[in-house]
Every structure is written in structure tokens, then in C-alpha cells.
Amino acid sequence: MKYLIMMAVFVSPVVHAKVYKCQLDGKILYQQKPCVTNSEEIVIDASPSEEEQAAARARLDNYQINKENQARLDQERDDKERLIRAEENKADAAYKNAQANRAQAAQQARQAEALERKNIIDTYRRY
């Protein structure tokens, strides 16, 4: 949207306006319609010179380059953040996996102890 506005400003057609310079009660007034008395027509040429157009194009080019660079930097930053989040998720999953393995090992140890106690009790009962 900004590009369209800037292009409309910089590549606008030549504009000429009629302005009338009037003097009323010692004051100078500028208006679009001729004065009742003593008016002087002033033609205003609002078209930019070649140098102004070249400077405007250069500013627009710089703006576009800066915008593209900023978009590239934003994309790189987003990619880095995504990689960091993925690494954090992997580390979190590894930690949870290690906790589950420890819990499973503890459960297996408890079961082994229970079986051993049962075997000892069963051995005493036989005799």
C-alpha cells in the first residue's frame, strides 16, 4: 500500500493551478477565483524537476531495498527462533524420557525385591 502511495506522489501527472493574488485592506490574499478588484494571476507549476524525480526514485529504491533487507532479517530471526524452540523441545523430551526410564528402573527394582522376598518366604515354607 505504501508503494502505491509513494508511486502516486512521485509519478503523478504535471499539475498546474491558477492562483490569484489579491490585496484587500492592505492584506495579501491568495485564492482560486479572481478578485473583485486588482487581481494578479499567478500560475503555479507543481510538476517536479528531473532532479527531484531522480531523487524521489532513489529514495523509493532505497526504501524498497531497506524493506526487503528488513524482511530478510525478520525471516532469519524467525528461523533461528524456530530452531531454538525445536532444540528446547528435543531437550525437554529427552529429560522426560530419562525420568520415565528412571521410574521404570525403580519399578523393576521394586518388583525384583518383591519376587526375591517371595522366593525367600516360599523357601522357608517348604522346610
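If I stretch the segment between residue 24 and residue 86 completely, what's the gain in nm (0.36 nm per residue apart, minus their alpha carbon distance), one decimal?
Fully extending the segment from residue 24 to residue 86 adds 14.7 nm.
Report ³J(HN,Hα) in whole Hz for each residue of the range 83-88, in order, from the Karplus equation J = 6.51 cos²θ - 1.76 cosθ + 1.60 where θ = phi - 60°; Gly and Pro get x.
5, 4, 4, 5, 5, 5
Every number here is computed from the coordinates shown, using simple stated rules; none is lab data. None of the values given here were measured: they were computed from a predicted structure.
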